[in-house]
Amino acid sequence: MNFKLIRNFAIISHIDHGKSTLSDRLMEETKTVSDREMTPQLLDSMGVEQAHGVTVKSRTVQNTYRAKDGQDYQLNLIDTPGHVDFNYEVTKSLSATDGVILLVDATQGVQAQTVANWRLAHELGLPILPVLNKIDAASAQIDESEEQIRQLDPTLANRQIYHISAKTGLGIADFLEAIVHELPAPVGDENSFLKALVFDSEYDAFQGVIAQVRVIDGTLKKGAALQLMANGQKLLAKEVGIYRPNRVPVDELTAGEVGYVVTGIKDPKQVTVGDTLTSQNQPAKTALPGYQQSQPVVYAGIYPVDDYNALQEALQKLALNDTSLVLTDEQSEAMGPGFRAGFLGIFHLQIIKERLETEFGIEVVVTAPNVSYRVQVAQKGQDIQTVTVTNPTKFPDFDQILTVEEPVVKATIMTPSDSVNQLMKLADDYRGVFMDMGNQGDYVRLVYQMPLSEIAYDFFNQLKSLSHGYASFSTEAIGYQEADLVKVDVQVNYAQVDALAFVTHRSRVAEQTQQLVHELKMTIPRRLYPMPVQALVEGRVVARVDVPPLRKNAAVNGQARSISKKQALLRRQSANKRQAAQSDIELPQAVFNALLSLK
């Protein structure tokens, strides 16, 4: 196809501003999907997306639109996530586009993730088409939202902001014309050497790795001998096609087009997102710049309840479809073999856990999340070393530690003025350091420096609760900072449970450990004898409770005995059973959930 008639664009916005609904209307208006096949949020095909009502995975769809000038245009749309945890999906999508649609909810205005996604597009130099959604809602604040958009980007000061209702289809016709006439066509040379960017991938049990590509130069034909430039992996294009939104085979993809290639490669690790695909016979001289790989924000252990091999296979497939999921093998004395996984956030972790259960039928135990720390270690006769610790069980002994540094972020909170006091107190409770305050329209902007470990769990939920859902939250990494952190070890029945260890600030040790042991008292399965649960910091017990027994008094058998003999028999039974059970501790998921409830 003539690349001048192609438009490659992504829709970016804050969560729940109507991206997926707008994608539905575009497919409906261009007759990409028939009325019989049309369902709400069609591109959100995963069960977890439908259950939570959010987009998790970016989806591509090719639409054919006949404009008012009589030309048929190819509109390659990428629907991106809006949740902050899936920002990396947005980054990948923007690398395959030539422009973006900035979608803003007229009832909410510009929010945190709107700003974050706009910044990504702005840094890439992508043209921006501003659109205001939900203008037919009773609570729509059209003038105020338009002013916020213009304040966000000075280049939009004199641009038309299109008004639509993605739910009813109001304004969609004019919006489609704007895509054709205001977003640029791709730039490329279809007669040059093949150069295609692998911007995403998926795994098929029968066809292997399916790479999603944007052809920059040349032509990608079915049956062509190809190779990946990063690792030299050779492959045959068994099938080439486009998404409408299901896979539709075609004979070739030319410069400017977006589609997929069935590689036939069975090893997911051989195909790297961001790599350049070229021809074996006439390879390109230089690879495309690609983009920076994602960095995990929180880490957690994942252990199988039953089948380790099934979990390993499932996680490998998920890691292919979700390149921001980082996996390493892990062995726990209490839980057995498992994996240490890196996630982009706590919601990302929740999505992966649910996908394992719903898509693969695998029940897992997930340990409490943690972040990475930098620890300066001094050992006798050796130089001072700085080690990065992503697993609390690997934390060095306290007598070897010189300093501990934790990751900190610049947190920006946008909130209505009536919630400012509550949110400032919330930030202080989470060890936040106030940096700045300002007004942006009807909202107040609060800027704090906060430890990432403090906000990785339930901070976002509490923020939404205190602000009645109106506040928004975004973070920006600013490095590591020294802090007085200690490792808390947990013993159950005098046996150390490495999977329950965590790192916290020294000022919170007393409160958190007392709360933890009492939570564990209620969640650890009982036995026929009392089991002590205790928390230790630097070799000293700081909190302890006993898990109550399930048994009757073993010394009472209907015969009269002295109190001393009864007590002696109880001690012998308790000691024998406790010694035998130290390596046989079963921990359900509720035990690890107790760690998440710590304040």
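Looking only at residues in region 128-141 that are touching a residue at least 12 places away in the same chain (Cβ under 8 Å) and open to solvent by 50 Å² or more (accessible area, probe 1.4 Å), the one that is nearest to L156 (Cα to Cα) is Q141.
For the criterion of being in contact with a Ser or Thr (Cβ under 8 Å, 6 or more places away or on another chain), modelled with pLDDT of 80 or more, closer than 22 Å to N191 by Cβ and not hydroxyl-bearing (S, T, Y), V215 passes.
Report yes if D217 is open to solvent by 10 Å² or more (accessible area, probe 1.4 Å) and either in contact with a Leu (Cβ under 6 Å, 6 or more places away or on another chain) or in contact (Cβ under 8 Å) with a residue 60 or more places away in the chain (or both), otherwise no.
On the way: open to solvent by 10 Å² or more (accessible area, probe 1.4 Å): yes; either in contact with a Leu (Cβ under 6 Å, 6 or more places away or on another chain) or in contact (Cβ under 8 Å) with a residue 60 or more places away in the chain (or both): yes.
Against the criterion (open to solvent by 10 Å² or more (accessible area, probe 1.4 Å) and either in contact with a Leu (Cβ under 6 Å, 6 or more places away or on another chain) or in contact (Cβ under 8 Å) with a residue 60 or more places away in the chain (or both)), D217 qualifies.
Name the strands (runs of 3 or more DSSP E) wholly inside region 153-271 in which the number of residues that are closer than 24 Å to L120 by Cβ is 2 or more. In region 153-271, 195-204, 208-217, 258-262 are the strands (runs of 3 or more DSSP E) which contain 2 or more residues that are closer than 24 Å to L120 by Cβ.
Scanning region 342-354 for residues that are open to solvent by less than 20 Å² (accessible area, probe 1.4 Å) and modelled with pLDDT of 85 or more returns a single hit, I352. Remark: pairs (first residue in region 529-541, in a loop (DSSP other than H, G, I, E, B) and at pLDDT below 90; second residue open to solvent by less than 20 Å² (accessible area, probe 1.4 Å) and hydrophobic (A, V, I, L, M, F, W, C); Cβ separation under 9 Å; 6+ apart in sequence or on different chains) = Y529/A581; P530/V547.
Residue by residue, here is whether (1) part of a loop (DSSP other than H, G, I, E, B); (2) closer than 25 Å to T328 by Cβ; (3) within 26 Å of the chain's Cα centre (by Cα) holds:
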| site | (1), (2), (3) |
| --- | --- |
| D383 | yes, no, no |
| D399 | no, no, no |
| V408 | no, yes, yes |
| T412 | no, no, yes |
| S419 | no, no, no |
| Q422 | no, no, no |
| A427 | no, no, yes |
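Condition test on L194, is it surrounded by 20 or more Cβ atoms within 10 Å (Cβ to Cβ) and in contact with a Phe, Trp or Tyr (Cβ under 6 Å, 6 or more places away or on another chain)? For L194, the condition - surrounded by 20 or more Cβ atoms within 10 Å (Cβ to Cβ) and in contact with a Phe, Trp or Tyr (Cβ under 6 Å, 6 or more places away or on another chain) - is not met. Of the residues that make up region 152-160, is at least one modelled with pLDDT of 85 or more, crowded, with 16+ Cβ neighbours inside 10 Å and either within 27 Å of Q71 (Cβ to Cβ) or touching a Gly at 6+ places or on another chain (Cβ under 7 Å) (or both)? No: region 152-160 contains no residue that is modelled with pLDDT of 85 or more, crowded, with 16+ Cβ neighbours inside 10 Å and either within 27 Å of Q71 (Cβ to Cβ) or touching a Gly at 6+ places or on another chain (Cβ under 7 Å) (or both).
Taken over region 444-459, the criterion of being farther than 25 Å from Q108 by Cβ and in a helix (DSSP H, G or I) is satisfied by L452, S453, E454.
Of all residues being of a type in the set (F, W, Y) and either free of Cβ contacts under 8 Å to residues at least 60 places away in the same chain or open to solvent by 30 Å² or more (accessible area, probe 1.4 Å) (or both) in region 380-434, which is nearest to V488 (Cα to Cα)? Just the residue, please. Spell out the reasoning first.
Restricting attention to region 380-434, the residues satisfying the condition of being of a type in the set (F, W, Y) are 395, 398, 430, 434.
Those still in the list that are either free of Cβ contacts under 8 Å to residues at least 60 places away in the same chain or open to solvent by 30 Å² or more (accessible area, probe 1.4 Å) (or both) too: 398, 430, 434.
Numbers: F398: 11, Y430: 19, F434: 28 Å.
By that ranking, first place goes to F398.
Within region 471-507, how many residues turn out to be of a type outside the set (V, I, T), surrounded by fewer than 16 Cβ atoms within 10 Å (Cβ to Cβ) and over 25 Å from F339 (Cβ atoms)? Of the residues in region 471-507, 8 are of a type outside the set (V, I, T), surrounded by fewer than 16 Cβ atoms within 10 Å (Cβ to Cβ) and over 25 Å from F339 (Cβ atoms).
Taken together, the criteria exclude N281 from residues that are open to solvent by 40 Å² or more (accessible area, probe 1.4 Å), of a type outside the set (D, E) and under 26 Å from S20 (Cα atoms). Annotation: of all residues in region 67-85 being open to solvent by 10 Å² or more (accessible area, probe 1.4 Å) and at pLDDT below 70, the one that is nearest to the chain's Cα centre (by Cα) is D85.
Identify, by number, the condition in (1) part of a helix (DSSP H, G or I); (2) at pLDDT 90 or above that S564 doesn't meet. Exception for S564: condition (2). If you go through region 284-311 and keep only what is at pLDDT 80 or above and surrounded by fewer than 16 Cβ atoms within 10 Å (Cβ to Cβ), you end up with K285, T286, V305, D306, D307, Y308, N309, A310.
Within region 460-487, residues that are over 17 Å from Q108 (Cβ atoms) sit with their Cβ atoms under 9 Å from residues that are open to solvent by 70 Å² or more (accessible area, probe 1.4 Å) and at pLDDT below 75, at 6+ positions apart or across chains, in these pairs: A477/Q295.
The values are calculated or read from the model by the stated rules, or taken from the named source; none is laboratory data. Worth saying up front: this structure is predicted, and the values here are computed from it rather than measured. As a convention, Cβ positions derive from the backbone with ideal geometry for all residues, glycine included, and neighbour counts pool all protein chains shown. The protein model used for the area step is the full one, side chains on, heavy atoms only, and it has no ligands, DNA or RNA in it. Shrake-Rupley method; radii C 1.70, N 1.55, O 1.52, S 1.80 Å.
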